[in-house]
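S.K.: This is the structure I want to talk about, given as structure tokens.
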């Protein structure tokens, strides 16, 4: 039996998946990953642990089938520094690292007249790579002076597999260092950050074969020597593709640890409130938003206010409360907020509390607040002339009927629930198959996608009232707390 291998280097774990071109998923494996935060706001991971995980999961799966190709996906935009031999000089700086506030301000001042957002599709924020270069040069000059290559998470794994240094196009775009109009690195942004194009390898398309598994990598991973490896994909873009978000107006809502929302569009839309990505389908784009907390806020509530009771019990309590949570409105910015407000200093809140409210009201208010966050993004999409035509929902939170129904009701849109296994890894395996000619085209993905249920919306006046309060809370609290 032959199959394609997809590897997903995720924030909390490394997954691998075997894809048979006819049967679909025929095997999976996973190993946990530890996030390191030695100082407030820091988020780092150990690339040695990533590689050990990759060796473990591939070793577990490789003996089962004849692997014909490998694709890797991962978080963006991680920053990994390599020396001249290809060895990492320090831990990876993760996409949610928040150490560069001072550098962000300095670069925005330096480049104020350079139209960085319009040219790169990305505002200069703490997620961007340029401020990290500046921080490294100032705080770790000895390490920075030895850097010869900068890669992302999945690019690093493809390098370990093949010995070749490349970066996939979406990592380049997410860094904020790439001029989308010129199709080349933005030298002025690099110069302001203290970087240079010599640090940045060749940019490759997702399905391009970038190399083959070396003899050394074969010994460590159990993969056959010479197996082709494609450039791979950013994890959220892979998951979007694997959910069948293929045409202009298709929208994906991911109810995961963070709240992701992705809209497929036929043209690049640049807006400081959103992220811009390349779609896996050539010539198309994805307007995307990411809320700092959704599932992670639910876990916080379960641990701190829910006395550790199972989530189905909290769901049941919330389900007994009427829409609108009895007038309680929550602001879900418990870890600051990314899009659409881009304020790491934002804070969470519950307002409208009375002695008649109980735990069910508060938990439902949290679920509704996440729904309001998604609706805020829809307002931005619509303002830019891109209202969704079809909406799909995935990830662990989609198993909660209460949460998905609340989301559908607040958005006023039907949600197509997609049943999928390891969407990002699935996409990576599919891209590997496409690169080797095992699929006739990108739309072959559709035969693997299963919509298990459609959640129809039930409009509610209480949600309209509470959404108006929700939108007014952040600017009001910011003024009061500043």
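S.K.: Restricting attention to region 11-32, report how many residues are touching a residue at least 24 places away in the same chain (Cβ under 8 Å) and out of contact with any strand residue (DSSP E or B) (no Cβ under 7 Å at 6 or more places or on another chain).
M.R.: Matching residues across region 11-32 total 3.
S.K.: Quick one: how many residues across region 405-447 are on the phi > 0 side of the Ramachandran plot and in contact with a strand residue (DSSP E or B) (Cβ under 6 Å, 6 or more places away or on another chain)?
M.R.: So the count comes out to 1.
S.K.: Can you name the residue in region 265-275 that is under 20 Å from residue 206 (Cβ atoms) and modelled with pLDDT under 95 and is also surrounded by the fewest Cβ atoms within 10 Å (Cβ to Cβ) among such residues?
M.R.: This residue is 267.
S.K.: Look through region 33-55, keep the residues that are touching a residue at least 40 places away in the same chain (Cβ under 8 Å) and assigned to a helix (DSSP H, G or I), and return whichever of them is surrounded by the fewest Cβ atoms within 10 Å (Cβ to Cβ).
M.R.: Here the residue is 48.
S.K.: Evaluate region 346-360: report whether one residue or more is part of a helix (DSSP H, G or I), in the same structural domain as residue 299 (by TED's automatic domain parsing) and either in contact with a strand residue (DSSP E or B) (Cβ under 9 Å, 6 or more places away or on another chain) or surrounded by fewer than 24 Cβ atoms within 10 Å (Cβ to Cβ) (or both).
M.R.: yes
S.K.: Something else now. Restricting the search to region 231-260, which residues are over 20 Å from residue 435 (Cβ atoms) and either at pLDDT below 95 or part of a strand (DSSP E or B) (or both)?
M.R.: Residues satisfying the conditions are 236, 250, 251, 252, 253, 254, 255, 256, 257, 258, 259, 260.
S.K.: Only one of 263, 280 is assigned to a loop (DSSP other than H, G, I, E, B) and under 21 Å from residue 394 (Cα atoms); which?
M.R.: Result: 280 is the single residue among 263, 280 that is assigned to a loop (DSSP other than H, G, I, E, B) and under 21 Å from residue 394 (Cα atoms).
S.K.: Somewhere in region 84-101, is a residue over 19 Å from the mean Cα position of the chain (by Cα), closer than 22 Å to residue 125 by Cβ, assigned to a helix (DSSP H, G or I) and assigned by TED's automatic domain parsing to the domain that holds residue 219?
M.R.: Yes, there is a match, as at least one residue in region 84-101 is over 19 Å from the mean Cα position of the chain (by Cα), closer than 22 Å to residue 125 by Cβ, assigned to a helix (DSSP H, G or I) and assigned by TED's automatic domain parsing to the domain that holds residue 219.
S.K.: Only one of 252, 281 is farther than 25 Å from residue 115 by Cα, buried (at least 24 other Cβ atoms within 10 Å of the Cβ), outside the structural domain of residue 78 (by TED's automatic domain parsing) and touching a helix residue (DSSP H, G or I) at 6+ places or on another chain (Cβ under 7 Å); which?
M.R.: 252
S.K.: If you scan region 378-390, which residues turn out to be in contact (Cβ under 8 Å) with a residue 60 or more places away in the chain and more than 15 Å from residue 408 (Cβ to Cβ)?
M.R.: Listed by number, the residues that qualify are 380, 381, 384, 386, 387, 389.
S.K.: Please tell me if residue 262 is within 20 Å of residue 10 (Cα to Cα), free of Cβ contacts under 8 Å to residues at least 40 places away in the same chain and either buried (at least 22 other Cβ atoms within 10 Å of the Cβ) or not assigned by TED's automatic domain parsing to the domain that holds residue 124 (or both).
M.R.: In short, yes.
S.K.: Another question about this same structure. Could you tell me whether residue 298 is within 20 Å of residue 411 (Cβ to Cβ), assigned to a helix (DSSP H, G or I) and touching a residue at least 24 places away in the same chain (Cβ under 8 Å)?
M.R.: When the stated conditions are applied, residue 298 passes them.
S.K.: Looking only at region 121-140, which residues are in contact with a strand residue (DSSP E or B) (Cβ under 6 Å, 6 or more places away or on another chain), within 24 Å of residue 285 (Cβ to Cβ) and assigned to a helix (DSSP H, G or I)?
M.R.: Matches in region 121-140: none.
S.K.: Can you say whether residue 322 is surrounded by fewer than 22 Cβ atoms within 10 Å (Cβ to Cβ), at pLDDT 95 or above and part of a loop (DSSP other than H, G, I, E, B), as far as the supplied structure shows?
M.R.: In short, yes.
S.K.: Just one of 366, 402 is in contact with a strand residue (DSSP E or B) (Cβ under 7 Å, 6 or more places away or on another chain), in contact (Cβ under 8 Å) with a residue 24 or more places away in the chain, in a helix (DSSP H, G or I) and assigned by TED's automatic domain parsing to the domain that holds residue 272; which is it?
M.R.: Exactly one residue qualifies, and that residue is 366.
S.K.: I'd like the residue in region 88-111 that is modelled with pLDDT of 95 or more and buried (at least 21 other Cβ atoms within 10 Å of the Cβ) and, out of all such residues, is nearest to residue 343 (Cα to Cα).
M.R.: Restricting to residues being modelled with pLDDT of 95 or more and buried (at least 21 other Cβ atoms within 10 Å of the Cβ), the top hit is 103.
S.K.: Say whether the condition of being closer than 30 Å to residue 57 by Cα, outside the structural domain of residue 339 (by TED's automatic domain parsing) and not in a helix (DSSP H, G or I) is met by at least one residue in region 423-437.
M.R.: The answer is yes, given that some residue of region 423-437 is closer than 30 Å to residue 57 by Cα, outside the structural domain of residue 339 (by TED's automatic domain parsing) and not in a helix (DSSP H, G or I).
S.K.: Continuing with this model, one more query. Can you give me the number of residues within region 329-345 that are touching a residue at least 40 places away in the same chain (Cβ under 8 Å), assigned to a loop (DSSP other than H, G, I, E, B) and farther than 21 Å from residue 379 by Cβ?
M.R.: 2
The values are calculated or read from the model by the stated rules, or taken from the named source; none is laboratory data. If you're wondering where the values come from, they're calculated on a predicted model, not measured in any experiment. For neighbour counting, all protein chains shown are included, and Cβ atoms are generated from backbone atoms with ideal geometry for every residue, glycine included.
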